[in-house]
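**Student:** The structure's right below; bear with me while I get my questions together.
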Amino acid sequence: MDLLKDSVKRMTSVQWPEAVDARLDTLIALAARAGEQVSRSQMLAALVADAAMDDGELGEKVRRYRSQLPAEFITETSRAGDLPTLHRPGRKRRAQQAGAPA
């Protein structure tokens with residue numbers, strides 16, 4: 001039996017706010033705390049694969065994301081309690097300035 005995680009892969013590139021990227025790292029650290037070793041791509045695939053196939057719910061999520069202020073997002077994350085941090089090996093990413101070419 002072939003597993004979804006082992007099927008043909010497709011490369012994708014995602015550009016998003018640093019706070020969202022930090023949340024992904026926190027989700028990975030939470031999974032590690034639960035005993036799961038997961039890569040960034042596996043975590044993203046798991047979240048997408050598990051997303052509700054409901055247009056109304058997805059539309060609401062998009063509207064909520066598009067209207068959320070950075071301070072609200074960061075405050076919401078910090079209210080979640082004792083969150084682990086993920087320390088990725090290697091060089092630190094340099095922050096890209098808004099409007100600067102990638």
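Just so it is clear, none of the values below were taken in a lab; they were calculated from the coordinates. Remember, it's a predicted structure, so these values are computed and weren't measured experimentally. Glycine also receives a Cβ, built like all others from the backbone with ideal geometry; neighbour counts cover every protein chain displayed.
**Student:** Highest mean first, how do 34-42, 47-55, 20-28 rank when packing is the count of other Cβ atoms within 10 Å averaged over residues?
**Tutor:** 20-28, 34-42, 47-55
**Student:** While we're here: Under 1.5 on a/c is rounded, so check that first for region 1-71, then, if it is not, pick prolate when a/b is larger than b/c and oblate when it is not; a ≥ b ≥ c are the square roots of the alpha carbon gyration tensor eigenvalues.
**Tutor:** Oblate shape, in that a/c is at least 1.5 and b/c is the bigger or equal ratio.
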